[in-house]
Amino acid sequence: MQTDELIALLSEGLEPVRPGTLARQTALGVGVGLVLSTILMLTWLGLRPDFDSAMVSFGMWMKLAYAFALAAFALWALERLGRPGSDARRPLLMLALPVGAILVLSAIQMMAPDADRTALVMGHSSDVCATNILGCSLPLLAAAFWILRRMAPTSLGLTGAVAGLFAGGAGAFVYAFHCTEATAPFVLVWYTLGVGLTALTGAILGRWLLRW
């Protein structure tokens, strides 16, 4: 069945959706997911002990900006993928911007004359960072699927993966308030890996959970 035929079939006998309904549902889902993820982080991992000083540090805002940008562009793509016939290529391409920015920062830090390259990449929490981000992302992944169940995605694996990208980015944003790492190479490797694991989880689950 072609996309145009599918849209026509789905539209038969349907009443118009009230303006703003999907936006309100998306805001509700994202809001609840963030609250649950934050509660999970605080009870499971805890807030970093130097929170006040960290909030005025470059490293903290670098992590937050990277995670926020990934989540924002992925959510934009998700909104497109949930509508049959919509083009999600632009927001998906925009995901390259935060990755490129953190890659440049990483290169600058790694090429510094006195750089300890191993320490810059590995930090002291590389063994748990990615899985912790995955854990913090699960409430947000559930929220993304809840939103998508009220839409009509057709590419289930891709949509699930992008849902995981959104959840991973937002989960990394929440996790950053626990994490004490502050180097761009660490964020590039381990934060990106955590987001990638969440995207993989979303791609696998999306094939089943997003079926109509």
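Tallying residues that are surrounded by 23 or more Cβ atoms within 10 Å (Cβ to Cβ) and over 11 Å from the mean Cα position of the chain (by Cα) within the stretch 155-187 yields 9. Only residues that are touching a Gly at 6+ places or on another chain (Cβ under 7 Å), of a type in the set (A, V, I, L, M, F, W, C) and assigned to a helix (DSSP H, G or I): list them for the stretch 145-169, please. Selection gives TRP146, ILE147, LEU148, LEU156, ALA161, ALA163, ALA167.
Residues considered: LEU120, LEU92. Of these, the only one that is in a helix (DSSP H, G or I), within 22 Å of PHE177 (Cβ to Cβ) and of a type outside the set (Phe, Trp, Tyr) is LEU120. For the criterion of being modelled with pLDDT of 95 or more, more than 17 Å from GLY135 (Cα to Cα) and either surrounded by 13 or more Cβ atoms within 10 Å (Cβ to Cβ) or not aliphatic (A, V, I, L, M) (or both), ASP4 fails. Search the stretch 108-120 for residues that are closer than 8 Å to PRO185 by Cβ and pair each with any residue that is at pLDDT below 95 and surrounded by 11 or more Cβ atoms within 10 Å (Cβ to Cβ) when their beta-carbon atoms are under 6 Å apart and the residues are at least 6 apart or on different chains. Here the result reads none, with nothing in the stretch 108-120 linked to a residue that is at pLDDT below 95 and surrounded by 11 or more Cβ atoms within 10 Å (Cβ to Cβ).
Could you please let me know if PRO49 is surrounded by 15 or more Cβ atoms within 10 Å (Cβ to Cβ) and assigned to a loop (DSSP other than H, G, I, E, B)? First the steps, then the outcome.
On the way: surrounded by 15 or more Cβ atoms within 10 Å (Cβ to Cβ): no; assigned to a loop (DSSP other than H, G, I, E, B): yes.
When the stated conditions are applied, PRO49 does not pass them.
Go through (1) modelled with pLDDT of 95 or more; (2) touching a helix residue (DSSP H, G or I) at 6+ places or on another chain (Cβ under 9 Å) for GLU79 and report which single condition fails. Condition (1) is where GLU79 drops out. Only one of the numbered conditions (1) of a type in the set (S, T, N, Q); (2) modelled with pLDDT of 95 or more; (3) farther than 28 Å from ALA54 by Cα is not met by SER155, and that is (2).
The values are calculated or read from the model by the stated rules, or taken from the named source; none is laboratory data. Just so you know, these numbers come straight off a predicted model, no measurement behind them. No Cβ is skipped: glycine too gets one built from the backbone with ideal geometry, and neighbour counts run over all protein chains shown.
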